Amino acid sequence: MWEDDELGVDNELDGLHQIFRSYGFDTETWLIPLDNAHLKLMLKAASFVEKYESENCLLIVYYGGHAAINSARQSSWYW
């Protein structure tokens, strides 16, 4: 979810958080900043994997926002 959430996905995110917690999963919410969003998102993802990666660990990333595939077939994030 973006820092400046114009889509109102916070309710969606809260519901998903409650479901995961009810199954005993830890959750973390991180808001994508508007400045240098791509770089900060990639750094956060890499540090998240480095911190939690293990053979017995399931990492789930939920993105609340818009995205599209550009002409190079790469994800492009939108807000």
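Restricting attention to the range 29-71, which residues are among the aromatic types (Phe, Trp, Tyr) and part of a loop (DSSP other than H, G, I, E, B)? I'd like the intermediate steps shown before the answer.
Residues of the range 29-71 that are among the aromatic types (Phe, Trp, Tyr), as a first pass: 30, 48, 52, 62-63.
The answer is TRP30, TYR62, TYR63.
For the range 24-64, give me the residue count where each residue is of a type in the set (A, V, I, L, M, F, W, C) and touching a helix residue (DSSP H, G or I) at 6+ places or on another chain (Cβ under 8 Å). If you could, list the steps in order and put the result at the bottom.
Of all residues in the range 24-64, those of a type in the set (A, V, I, L, M, F, W, C) come to 25, 30-32, 34, 37, 39, 41-43, 45-46, 48-49, 57-61.
Of the ones still in play, those that are also touching a helix residue (DSSP H, G or I) at 6+ places or on another chain (Cβ under 8 Å) are 30, 32, 59-61.
Number of matching residues: 5.
When residues of the range 29-51 are filtered for being within 15 Å of the chain's Cα centre (by Cα) and either among the hydroxyl-bearing types (Ser, Thr, Tyr) or exposed (fewer than 10 other Cβ atoms within 10 Å of the Cβ) (or both), how many remain?
Filtering the range 29-51 down to residues within 15 Å of the chain's Cα centre (by Cα) leaves 29-34, 37-49.
Among the residues that remain, those that are also either among the hydroxyl-bearing types (Ser, Thr, Tyr) or exposed (fewer than 10 other Cβ atoms within 10 Å of the Cβ) (or both) are: 29, 47.
Residues that pass the stated criteria total 2.
Say we look at the range 8-28 and pick out the residues that are assigned to a loop (DSSP other than H, G, I, E, B) and of a type in the set (D, E, K, R); which of these is nearest to ALA68 (Cα to Cα)? Steps first, please.
Looking only at the range 8-28, we keep the residues that are assigned to a loop (DSSP other than H, G, I, E, B), and these are 8-9, 23-28.
Right, trim to of a type in the set (D, E, K, R) and you get 26, 28.
On the way: ASP26: 29, GLU28: 25 Å.
Once the filter is applied, the top-ranked residue is GLU28.
Please list, ordered by first then second residue, the pairs with beta carbon atoms under 6 Å, 6 or more apart or interchain, first in the range 1-20 and without any contact (Cβ under 8 Å) to a residue 40 or more places away in the chain, second acidic (Asp, Glu) and part of a loop (DSSP other than H, G, I, E, B).
none
Working only within the range 16-28, note down all residues that are within 15 Å of ILE60 (Cα to Cα) and loosely packed, with under 13 Cβ neighbours inside 10 Å. If you could, list the steps in order and put the result at the bottom.
Just the residues of the range 16-28 that are within 15 Å of ILE60 (Cα to Cα), to begin with: 16-21, 23-28.
Result: GLN18, ILE19, ARG21, TYR23, GLY24, PHE25, ASP26, GLU28.
Read-outs: derived from the displayed coordinates by stated rules, not from any lab. All figures in this text were calculated on a predicted structure; none of them were measured in a lab. Please note: Cβ atoms are built from the backbone with ideal geometry, for glycine as well, and neighbour counts cover all protein chains shown.
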